[in-house]
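Undergrad: My structure is below; once you've seen it, I'll send some questions.
The values are calculated or read from the model by the stated rules, or taken from the named source; none is laboratory data. This one's a predicted model, so the numbers in the text were calculated from it and none came from an experiment. With ideal geometry, Cβ positions are generated from the backbone for all residues, glycine too; neighbour counts draw on all protein chains shown.
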Amino acid sequence: MNPVDIVEPLRSRWSPSVFDAAHELSDTEISRLLEAAQWAPSSGNRQPWRYLVAVRGNAAHDVLVPHLSRGNAGWVPRASVVFISVTVVEPEGDGPGDPTYPLHDLGQASAHLTLQAKAMGLEAHQFAGFDHDAVGAALGVPDHARVVAGIAVGVRGNPAEVSERDAEREHKVRTRRPLVETAYGDRWGTPWPGITPSGPTTAEPA
Ligand SMILES: Cc1cc2nc3c(=O)[nH]c(=O)nc-3n(C[C@H](O)[C@H](O)[C@H](O)COP(=O)(O)O)c2cc1C
């Protein structure tokens, strides 16, 4: 459990790598997760996020799995659902416009989805290790959109059923950079003088 004094479900969220491969989510539950993303704020309310929903046995899942990186190939397919996040970059002139705010907004929508999952008693683990271009091409993602990440969601499974590497990751201590290196005051690099951390910068996984 994270000892830091922040609110739930931010406090207990982390990224497990052992999912229960037999667990399924209902369409209604998956829709609630998508609704959490839907209600995220966005620049100009443009809502530049899209998600391809991959559940075991559907076309998006069949496309994603062979394109996962070696490190993600063992644990991602065991999740109940994987959301492939895509940002839509509005055209500017002949090409896509500035991706800064679309990327910001997609990340925030995905954070909402992830926290909704935790609040529903589920776990979420985001990942970027897959062939984005191949997945995007196979699933018809248009040129003005960009595949950004995956979000695996499910419930925790039995570590005995997964590789030693994935099982060991469950016990890895989580660490963070100290706030003095993150929050600056008068000048870049000068810590904001009010910083008062509520706990350590390491935490055991729950
Ligand atoms: C955009 C993004 C990409 C990530 N890519 C991977 C990945 O390819 N494989 C993986 O196992 N974890 C991946 N992660 C998970 C991070 O490693 C994890 O969030 C980080 O180590 C902090 O751990 P925590 O989520 O348990 O706090 C990714 C997370 C994000 C947000």
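Undergrad: Given the condition of a type in the set (D, E), more than 24 Å from Q108 (Cα to Cα) and assigned by TED's automatic domain parsing to the domain that holds V63, answer yes or no: does some residue in region 149-163 qualify? Walk me through it before giving the result.
TA: Step one: list which residues in region 149-163 are of a type in the set (D, E), which gives 161.
Among the residues that remain, those that are also more than 24 Å from Q108 (Cα to Cα) are: 161.
Restricting the remaining residues to those that are assigned by TED's automatic domain parsing to the domain that holds V63 gives 161.
Taking every residue of region 149-163 in turn, at least one turns out to be of a type in the set (D, E), more than 24 Å from Q108 (Cα to Cα) and assigned by TED's automatic domain parsing to the domain that holds V63.
Undergrad: Taking the condition on the phi > 0 side of the Ramachandran plot and small (G, A, S), does G44 pass?
TA: yes
Undergrad: Would you mind stating whether A40 is crowded, with 16+ Cβ neighbours inside 10 Å and part of a loop (DSSP other than H, G, I, E, B)?
TA: Working: crowded, with 16+ Cβ neighbours inside 10 Å: yes; part of a loop (DSSP other than H, G, I, E, B): yes.
Answer is yes for this residue.
Undergrad: Still on this structure, please answer the following. So is A124 in the same structural domain as P102 (by TED's automatic domain parsing), modelled with pLDDT under 95 and surrounded by 15 or more Cβ atoms within 10 Å (Cβ to Cβ) or not? Break it down stepwise before answering.
TA: Working: in the same structural domain as P102 (by TED's automatic domain parsing): yes; modelled with pLDDT under 95: no; surrounded by 15 or more Cβ atoms within 10 Å (Cβ to Cβ): yes.
So A124 does not fit the description; no.
Undergrad: Hey, among G194, G199, G189, which residue is within 15 Å of the ligand (Cβ to nearest atom), more than 30 Å from H67 (Cβ to Cβ), out of contact with any strand residue (DSSP E or B) (no Cβ under 6 Å at 6 or more places or on another chain) and assigned to a loop (DSSP other than H, G, I, E, B)?
TA: Values: G194 fails: within 15 Å of the ligand (Cβ to nearest atom); G189 fails: within 15 Å of the ligand (Cβ to nearest atom).
Criteria check complete, one pass: G199.
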